[in-house]
Amino acid sequence: MEGSSKKVAVGVIIALVAVAGAAGGFYYKYSTDLKMKETLGVDTIYNGITVNGRNVGGMTKEEAADYLQGSINSSLSSKIITVTNGNERYNISFEDVGAQYDVDEAADSAYKAARDGTLKERYKLYEDIRENGLDIKAATVYNEEKLSAKMDELDGLITREAKDSSMTREN
């Protein structure tokens, strides 16, 4: 019986080690998943994300849109488009055509970064953004009516009736 009880004791020890190993593995996965969920579960834009080089990490979408409206859109009002016709030059300011960055869409894109996919995929993207950064380029939008009116105005300045012109055809 002595040999049989040693076998039972060894079997019990092996079973306990297996159960402890499984419990440890389960705890590790649970704690890792919990850490990822807590990290990714914030209601703000992840750190490391910028829009046109401006840091928006840690902001809500609304805060980011307000910040970008003041910081990047103010730089557009001084930009000029120059239209040339021969030696004549005509300037159209971005302000004249209502040009601005689409800060709401940019803030939404910044918020959505690393929010699609499995938990593990999202966390991997989050870590990549944290280490390498992510710069979102805001699209420029304009008022089509204002642009059309400005182009009609320029058309009136540029288009002229032909004077003293002639045309010949030679074969």
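The values are calculated or read from the model by the stated rules, or taken from the named source; none is laboratory data. Keep in mind that this is a model prediction, so the values were computed, not measured. Using ideal geometry, Cβ is built from the backbone for each residue, glycine included, and neighbour counts are taken over all protein chains shown. The protein model used for the area step is the full one, side chains on, heavy atoms only, and it has no ligands, DNA or RNA in it. Shrake-Rupley method; radii C 1.70, N 1.55, O 1.52, S 1.80 Å.
Couple of notes before you dig in:
- Residue that is modelled with the lowest pLDDT, among those in region 143-163 that are among the acidic types (Asp, Glu) and part of a helix (DSSP H, G or I): Asp155
Condition check ((1) touching a strand residue (DSSP E or B) at 6+ places or on another chain (Cβ under 8 Å); (2) among the hydrophobic types (A, V, I, L, M, F, W, C); (3) in a loop (DSSP other than H, G, I, E, B)) across all residues:
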site	(1), (2), (3)
Ser77	yes, no, yes
Tyr90	yes, no, no
Ser109	yes, no, no
Ala114	no, yes, yes
Lys120	no, no, no
Leu125	no, yes, no
Glu131	no, no, no
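- Output for region 37-57, where each listed residue is within 21 Å of Ala139 (Cα to Cα), open to solvent by 10 Å² or more (accessible area, probe 1.4 Å) and touching a residue at least 40 places away in the same chain (Cβ under 8 Å): Gly48, Thr50, Asn52, Gly53
- Residue in region 26-36 that is open to solvent by 60 Å² or more (accessible area, probe 1.4 Å), under 29 Å from the mean Cα position of the chain (by Cα) and at pLDDT 75 or above present: yes
- In region 116-136, the residues that are surrounded by 12 or more Cβ atoms within 10 Å (Cβ to Cβ) and in contact (Cβ under 8 Å) with a residue 60 or more places away in the chain: Leu119, Arg122, Tyr123, Tyr126, Ile129, Arg130, Gly133, Leu134, Asp135, Ile136
Yes or no, residue by residue, for (1) closer than 30 Å to Leu154 by Cβ; (2) assigned to a helix (DSSP H, G or I); (3) not polar (S, T, N, Q):
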site: Asn47; (1), (2), (3): no, no, no
site: Thr50; (1), (2), (3): no, no, no
site: Asp96; (1), (2), (3): yes, yes, yes
site: Asp128; (1), (2), (3): no, yes, yes
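- Residue in region 62-76 that is of a type in the set (Val, Ile, Thr), farther than 25 Å from Glu127 by Cα and either at pLDDT 70 or above or surrounded by 14 or more Cβ atoms within 10 Å (Cβ to Cβ) (or both) present: yes
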